[in-house]
Amino acid sequence: MAKTDDHPGAWLGATIRGFLNERYGGKVPGVRRISADIKAACDGETISHGHIHNILAGEADNLTDRTRTLLARFFGKPITAFLPEEESDDTVRALAARFATLDDKQVAAIKQAIEIVTRGQ
């Protein structure tokens, strides 16, 4: 299924393609080589070549924290570079709904993590 330019996966794919062009001087290798290079740069951790293909094709809407962290290390970018600038109201509501299922200890841990992250900005 083709993705439109306003689809979250399209934004992510375009962002990653831009970083790849920057990293490889406009001569971007295939997804297997990119996966191997991520593995070399990230102490043996990698992203599968299939997932890299899906990201570049605009078929990966939502990265896991692990994938986002590996991409940030590989490209030397902050993790926030792999998040859309504006989250939609639906995304915020979905996140709030997930938080509503957490106990007080878990919510406190999330608040502490947010404080740690925002201190560096």
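Among 74, 19, which comes first, then next, by fewest other beta-carbon atoms within 10 Å?
Final ranking by Cβ density, sparse to dense: 19, 74.
With θ set to phi - 60°, apply the Karplus curve 6.51 cos²θ - 1.76 cosθ + 1.60 along the range 60-71 and write out the HN-Hα couplings as whole Hz, x wherever there is a Gly or Pro.
10, 7, 9, 7, 6, 4, 4, 4, 4, 5, 5, 5
Counting just the Cα atoms, what span does the range 8-82 cover along each of its three principal axes? Round to the nearest Å and put the largest first.
Here the Cα extents, ordered largest to smallest, are 28, 27, 22 Å.
Round to the nearest 10 and give me the degree value, 0 to 90, for the angle of helix 8-23's Cα axis relative to the longest principal axis of the chain.
Value to nearest ten degrees: 50.
I'd like the FRET efficiency for residue 62 and residue 42, computed as 1/(1 + (r/R0)^6) with the beta carbon distance as r and R0 of 30 Å, rounded to 0.05.
On the way: r = 20 Å, r/R0 = 0.68.
Efficiency for this residue pair is about 0.90.
Within the chain, count lysine pairs with alpha carbon atoms under 28 angstrom apart where the residues are 8 or more positions apart or belong to different chains.
Lysine pairs satisfying the spacing and distance rule in the chain number 6.
Run the numbers on the chain and let me know its relative contact order in percent, using alpha-carbon pairs under 8 Å that are six or more apart.
25 percent
Would you work out the charge dipole size for the range 8-82 about its Cα centre, treating the Cβ of every Lys and Arg as +1 and the Cβ of every Asp and Glu as -1, and quote it to the nearest 20 debye? Don't jump to the answer; show the numbers that get you there.
On the way: 10 positive and 7 negative charges, 47 e Å.
With only Lys, Arg, Asp and Glu charged at Cβ, the dipole is about 220 debye.
Could you identify which residue out of 70, 20, 102 has the top mean-square fluctuation in a GNM of the chain using Cα springs shorter than 10 Å?
Looking only at 70, 20, 102, the biggest GNM fluctuation is shown by 102.
Values quoted throughout were computed directly from the atomic coordinates according to the rules given, and no laboratory measurement underlies them. As the structure is a computational prediction, the values presented were derived from the model and not from experiment. Neighbour counts run over all protein chains shown; Cβ positions are idealised from the backbone, glycine included.
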